[in-house]
Amino acid sequence: MKKLAIFDLDGTLLNTIGDLAEGCNYMLALRGLAPHSLEEYRFMVGNGILRLVERALPEELRSAEYVAEARRDFVAYYTEHIDRYTHPYEGICEVLRTLQDEGWAMAVASNKFDEGTQKLVRGMFPDVHFEVVYGNREGFPLKPDAALLELIMKECGATAETTYMIGDSGVDIQCAKNAGVHSIGCTWGFRPRTELEEFGADHIATTPAEILEILL
């Protein structure tokens, strides 16, 4: 039976917080608004770009129209500068290559908009074969809804019993539960270990190498 590892992107495979923060602060500067710190952005990400932009804006400016316009400005800047500071976490490339050599199918399921997800995965992991790479796609709800994981399992020919969702936030752990798959919470990402424990991660990895200890 095919073994499948589905990875979150931001905070799991890639440290993207620098570029996300710069993109949001650029959007805020266009509007004469104060920037946020990297630490503040760690708790704004994880639920898609629209929610990130909404959280970055002052509460009184969070009308649907204003947020949509701000999102357009963010996406235009971020897409062009998406890999200025972004990089794989130390040890993650070795994990991906080892799983590939061991015959695991691998996929990416991200709440980042799909164009950005595709661009980053192609650019950062050119020698890794992912069966499927999906960001936020039209017609599919964001994680923690299980729809995207269910689609990936179907396209990869895997079952829930042999599938693991690997991510750094409660969103990923809840998504795994909703899809009925195993979960691994990663502590090197944007959210604290306590969040992963609170959401009931089946396993917790404190380094990328520990993913291999769990899976192999």
request  = Given the conditions (1) in contact (Cβ under 8 Å) with a residue 40 or more places away in the chain; (2) crowded, with 19+ Cβ neighbours inside 10 Å; (3) over 24 Å from Phe43 (Cβ atoms), report the number of the one that Tyr134 does not fulfil.
outcome  = (1)
task = Exactly one condition in (1) at pLDDT 95 or above; (2) surrounded by fewer than 18 Cβ atoms within 10 Å (Cβ to Cβ); (3) closer than 23 Å to Phe130 by Cα; (4) not hydroxyl-bearing (Ser, Thr, Tyr) is not met by Arg72; state its number.
result = (3)
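Yes or no, residue by residue, for (1) of a type outside the set (A, V, I, L, M, F, W, C); (2) outside any loop (DSSP other than H, G, I, E, B); (3) not assigned by TED's automatic domain parsing to the domain that holds Ala146:
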| position | (1), (2), (3) |
| --- | --- |
| Glu40 | yes, yes, yes |
| Val45 | no, no, yes |
| Leu52 | no, yes, yes |
| Glu69 | yes, yes, yes |
| Arg72 | yes, yes, yes |
query = In the range 92-131, how many are surrounded by fewer than 20 Cβ atoms within 10 Å (Cβ to Cβ), of a type in the set (S, T, N, Q) and within 19 Å of Met153 (Cβ to Cβ)?
reply = 1
request  = Tell me, yes or no, whether the range 77-95 has at least one residue that is small (Gly, Ala, Ser) and assigned to a helix (DSSP H, G or I).
outcome  = no
query = Just a yes or no: is a residue in the range 184-195 touching a residue at least 24 places away in the same chain (Cβ under 8 Å) and in a helix (DSSP H, G or I)?
reply = yes
remark   = Filtering the range 1-19 down to residues that are within 18 Å of Val53 (Cβ to Cβ) and touching a Cys at 6+ places or on another chain (Cβ under 9 Å) yields Gly11
The range 74-95 - residue that is touching a residue at least 60 places away in the same chain (Cβ under 8 Å) and aliphatic (A, V, I, L, M) and, of those, nearest to Lys3 (Cα to Cα) = Val95
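The values are calculated or read from the model by the stated rules, or taken from the named source; none is laboratory data. Since this is a predicted model, take the numbers as computed values, not measurements. Glycine gets a Cβ as well: all are built from the backbone with ideal geometry, and neighbour counts include every protein chain shown.
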